[in-house]
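Notes for the one structure printed next.
The values are calculated or read from the model by the stated rules, or taken from the named source; none is laboratory data. Values in this document were obtained by computation on a predicted structure and should not be read as measured data. Here the Cβ positions follow ideal geometry from the backbone for every residue, glycine too, while neighbour counts run over all protein chains shown.
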Amino acid sequence: MLLLNADEVGALLDMDALIGALGPAMVELSAGHVSMPPRTAALVQGQGLLGTMPAYLPASRTLSCKLVTVFPGNVRRDLHTHQAVVMLFDADTGTPKAMLDGASITALRTAAGSALATRLLAREDASVLLIVGTGVQALSHARAIARVCKLRELRVAGRDLKKAEQAARLLAAEPGIPTRVLPIGAEAFAGVDVVCATTHAEQPVVRGEWLEPGMHINSVGLNPAGRELDVDAVRNARVFVESRAAALAPPPSGAADLVGAEVHAEIGEVLSRSKAGRESPQQITLYKSVGVAVQDAVAAQLVYDTAVGRGAGMHVSL
């Protein structure tokens, strides 16, 4: 079995290739061809959860399962809130063939999913990006969105301005885009084209009163104790998800933000043109992601194939 750590996953997974590969997989999911049972989670009361996310994609014969823990309190311990492993299995025999660091897979595939949604749903002239949050997903989203939009300005808004400044310094040095730091609020949202909310907030950090016509919002925060979007933000937008079954499942697996909301389409339905995406420059679009096993499977398979081709990783016998 091949073992691949976080550094190896990051070095082997090409973001452009991942964004491209997610499209056909999301179409396959929406067409009902994928075996992806509902995510299950063991709750650690007052602390977090352990989730299991299996999937089988017939087109690529990818069989995988992610085990992921989400412990929001880890922020206070200077630990990652999401920790995970992804297992790949041989689809003919069921034999385990690889174990990959899942935190890096999660960070990259989540951002790639938002980048794909942004490519499909944001206005073509979108050029101002607001990142709400300061953690791993904030950084990966800024890098991913920069690959699908011609950005002229990047803003970082966080509850902790010191952390927001640290994130902004890292990002400003990479794509070379003028970067501003702002507190979360109306000023941060003014004149923005694309918003990426990447927090573990218990109270909404995206409010309907701050949204402007034509915005596209990606929301990837999933906190069992709260919600990232307020009711008006969801009500004012046309809502898109990876999977209705996953997004509308009861919390903590589903999105508390979407309870009682109307979902217009899955991303795979937009790609297959069975459902419309954005229909006017003034429309507000919202992609609410809860993370689906299909995306982990696609990312892990890309890493595995590249690792085998380059002779990377360490082989162990069970």
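Numbers at a glance
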| quantity | calculated |
| --- | --- |
| First in region 108-124 and in contact (Cβ under 8 Å) with a residue 12 or more places away in the chain, second anywhere and of a type in the set (Phe, Trp, Tyr) and crowded, with 24+ Cβ neighbours inside 10 Å, Cβ under 7 Å, 6 or more apart | SER114/TYR287; ALA117/PHE240; ALA117/TYR287; LEU121/PHE240; LEU121/TYR287 |
| Residue check for VAL192: touching a residue at least 12 places away in the same chain (Cβ under 8 Å) and either assigned to a strand (DSSP E or B) or among the basic types (Lys, Arg) (or both) | no |
| Check on ARG109, under 15 Å from the mean Cα position of the chain (by Cα), within 25 Å of VAL308 (Cα to Cα) and modelled with pLDDT of 95 or more | yes |
| Enumerated helices (runs of 4 or more DSSP H) restricted to region 207-318, each holding at least 1 residues that are surrounded by fewer than 17 Cβ atoms within 10 Å (Cβ to Cβ), among the acidic types (Asp, Glu) and modelled with pLDDT of 95 or more | 231-235, 293-310 |
| Output for region 49-64, where each listed residue is within 18 Å of THR106 (Cβ to Cβ), of a type outside the set (A, V, I, L, M) and in contact (Cβ under 8 Å) with a residue 60 or more places away in the chain | GLY51, PRO54, THR62, SER64 |
| So ALA167, is it closer than 25 Å to PRO213 by Cα and part of a helix (DSSP H, G or I) | no |
| Identity of the residue in region 1-27, in contact with a helix residue (DSSP H, G or I) (Cβ under 9 Å, 6 or more places away or on another chain) and in a loop (DSSP other than H, G, I, E, B), that ends up farthest from GLY313 (Cα to Cα) | ASP14 |
| Criterion (among the small types (Gly, Ala, Ser), touching a Gly at 6+ places or on another chain (Cβ under 8 Å), touching a residue at least 40 places away in the same chain (Cβ under 8 Å) and not assigned by TED's automatic domain parsing to the domain that holds ILE145) met by exactly one of ALA6, ALA21, ALA41 | ALA41 |
| Filtered residues of region 146-164 (kept if touching a strand residue (DSSP E or B) at 6+ places or on another chain (Cβ under 6 Å) and among the basic types (Lys, Arg)) | ARG155 |
| Out of VAL303, VAL270, VAL294, sole residue that is under 25 Å from ALA256 (Cα atoms), β-branched (Val, Ile, Thr) and in contact with an Asp or Glu (Cβ under 9 Å, 6 or more places away or on another chain) | VAL294 |
| Unique residue being within 25 Å of ASP14 (Cα to Cα) and assigned by TED's automatic domain parsing to the domain that holds PRO58 when the list is VAL298, VAL270 | VAL298 |
| Region 125-159: number of residues that are assigned to a loop (DSSP other than H, G, I, E, B), touching a helix residue (DSSP H, G or I) at 6+ places or on another chain (Cβ under 9 Å) and either in the same structural domain as VAL75 (by TED's automatic domain parsing) or not hydrophobic (A, V, I, L, M, F, W, C) (or both) | 5 |
